Amino acid sequence: MSFTDIIALAVLIALIAFAVWLIRKLRKPDITKLYQPKPILTDREYEFYTRLKPLADEFGLQIFTKVRLADLLEPKPKDVNPLWMECFNKIRSKHIDFALADEDTIIVALIELDDSSHARPDRVERDEFVNAILENNGYTLLRTYGETDVIETFLR
């Protein structure tokens, strides 16, 4: 095999590799078609919601589900808070299971539906953080394992 044949073979291999890469690139699936719908509430959350709804109705309250902490509070401004981004990052992906609000959408109480996972060390740390920031900002957080009596007692 001559030097020219080796160069021709190398160019051919490079062209084939480029063609394969180009075909894959052009045939990339539409990423918007790679999602599917899912219910907003888990079965356990929905079951609790069905028991909470009559209680909320009795007191003229609305129920909001999966409320982001970042929708309830925000870090103090950057000029007084050098840790603004760290503070925001700690709340941006966390949510509260349920919020009870009056007709003007003023939050009356927040509800966390706990389960056995809340005994894990990482969850205990998360829960302590969430409890503290909500309390520091005047929110009432009610924790329950699925009973509505805690909520009813608070509302009465």
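Within the chain, how many Lys pairs sit with Cα atoms under 16 Å apart, leaving out pairs fewer than 8 places apart on the same chain? Pairs that pass both the separation and distance tests number 5. Between the amide H of LEU142 and those of LEU110, ILE111, GLU112, distances stay under 5 Å, these residues lying 5 or more places away or on another chain, with hydrogens modeled in the peptide plane. If both residues of a DSSP beta bridge must be in the chain, then about 70% of such bridges are antiparallel. Taking trypsin sites (Lys or Arg not before Pro) across region 62-119, the ones in a DSSP loop with at most 16 further Cβ atoms lying within 10 angstrom of their Cβ are LYS78, ARG92, LYS94. Here is the list for region 26-59: trypsin sites (Lys or Arg not before Pro) lying in DSSP coil, each with at most 15 other C-beta atoms within 10 angstrom of its C-beta, are ARG27. Taking a ≥ b ≥ c as the square roots of the Cα gyration tensor eigenvalues, with a/c under 1.5 meaning rounded and otherwise prolate when a/b beats b/c, else oblate, which class fits region 39-117? Since a/c reaches 1.5 but b/c is at least a/b, the shape of region 39-117 is classed as oblate.
For region 106-148, the gyration tensor built on C-alpha atoms gives an oblate shape. Its axis ratio a/c (a ≥ b ≥ c) is at least 1.5, and a/b is not larger than b/c. The alpha carbon gyration tensor of region 76-153 gives principal lengths a ≥ b ≥ c with a/c of 1.5 or higher and a/b no greater than b/c, which makes the shape oblate.
Once the chain is represented by equal point scatterers at the alpha-carbon sites, with solvent omitted, what log10 I(q)/I(0) does the Debye formula produce at q = 0.17, 0.19, 0.21 Å⁻¹? Ignoring solvent entirely, the Cα scatterers give -1.07, -1.22, -1.36. The local environment of GLU58, defined by Cβ-Cβ distances under 11 Å, has a net charge of 0 under the rule Lys, Arg +1 and Asp, Glu -1.
Within the listed set LEU72, LEU52, LEU22, the residue fluctuating most in the Gaussian network model of the chain (springs between alpha-carbon atoms under 10 angstrom) is LEU22.
Every number in this text was worked out from the coordinates using simple rules, so none of it is lab data. Quantities reported herein were computed from a predicted structural model and do not represent experimental measurements. FYI the Cβ positions are ideal-geometry reconstructions off the backbone, even for glycines, and counts take in every protein chain you see.
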